[in-house]
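Before any comments, here is the structure.
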Amino acid sequence: MKFKKQIKGLQAYQPGKTTDEVKRIYNLDKVVKLASNENPYGASPRVKAFLDNAKVNFAIYPDGYATKLRSAVSKHLNVSENQLLFGNGSDENILIVSRAILRQGLNTVMANITFGQYKHNAIVEGAEVREVPLKNGEHDLDKMYEAIDDNTAIVWICNPNNPTGTLTPSQKIKEFVEKVPSDVLIVLDEAYTEYITDETYVDSIGLIDKHPNVLIMRTFSKAYGLASFRVGYAIGSEEVISQLEPTREPFNNTVLSQEVAIIGLEDQSFIQECKMKNNAGKKQFEEYCKVRNLDFYPSHTNFILMEVKADSDLVFQGLMQRGFIVRSGNALGVPGYLRITIGTEEENTELLQKLDEVLREEGVI
Ligand SMILES: Cc1ncc(COP(=O)(O)O)c(C=O)c1O
């Protein structure tokens, strides 16, 4: 058959073990998953109240233009409705953008290490991938600029970056955007934007008016606690959005997902509360790292990438046997580190106790 040559040997996304699998394998009653940066507090209680009584006609296709959700997000962000693209998670928006733009003969610039889906989709589309190493965990925008040539189609900036959690300063992004050629799409993937507390951070939506080649991606999967519903959105110039829309699937957000995203958006006090709790939780991890003399990246997200001074896979396994699923740095290109989602205060305390046990077993402490 005539499969694209470049997808030969390409690995499908490897999901980690589910909590049910881990319970079964290790005979545990309770397993906490702190591996995919979901919100440990779930979604706004208003979402649950809605779902308990939701009356949906399941035989009818959803609104393919997400009209009500579009209107709610447009008001929330103060952008026009046709500046928005809704995807089945930001994952799908990354796919849509790649599908619309990338092909053989073009190249795309991204950091190394960063969110894996940019590279994955670029490979599927046959584009050349140009990876620029991070500098102190931050995007090296000078080197990324140098990597751009006439065939560069997309530059990806994951801000804050996954898996380091680091923030590239708004001023540096502004300077970068000002010099990148206007026919290169600059994607700012801001999946964790709601968690940013840094005072120098400036909302990047302001860049779009002057620079129509900027596209911002955000999601309901993280702070909004709605990962299972799969809703992501991109904000861009009308010109860019209108070019992307035709490559989107017709009914890519379900009836329920559109409804719950609106409800989540309306409850901003829930988001603020989660942000504060997340900040406190992050401090638990930072304190632990300082006491145990382990390196960590300064995180602006709801996860932390921290050193374990041992084989990440072994520490990951040790935590899993004790009922905590995290992400091994080996799987993310950062051996010797773990990426851990910040949980509730109680979860963090328990996890750090278990981590102490594992690190003792490994002779680290
Ligand atoms: C940086 C980044 N972008 C995009 C995504 C995908 O999010 P979604 O659930 O909206 O597809 C994630 C999820 O981990 C992420 O970390």
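Taken together, the values in this text are just the output of simple stated rules run on the coordinates, not laboratory data. Being a predicted model, the structure only gives us computed values, none of them experimental. Heads up, the Cβs are rebuilt from the backbone with ideal geometry, glycines too, and the neighbour counts pull from every protein chain shown.
For this structure, a couple of remarks:
- Test: residue in region 262-278 that is out of contact with any Gly (no Cβ under 7 Å at 6 or more places or on another chain), within 16 Å of the ligand (Cβ to nearest atom) and without any contact (Cβ under 8 Å) to a residue 40 or more places away in the chain: no
- Once region 313-330 is narrowed to residues that are out of contact with any Lys or Arg (no Cβ under 9 Å at 6 or more places or on another chain) and within 21 Å of residue 115 (Cα to Cα), the residue that is surrounded by the most Cβ atoms within 10 Å (Cβ to Cβ) is 330.
- Condition met for residue 347 (under 23 Å from the mean Cα position of the chain (by Cα) and assigned to a helix (DSSP H, G or I)): yes
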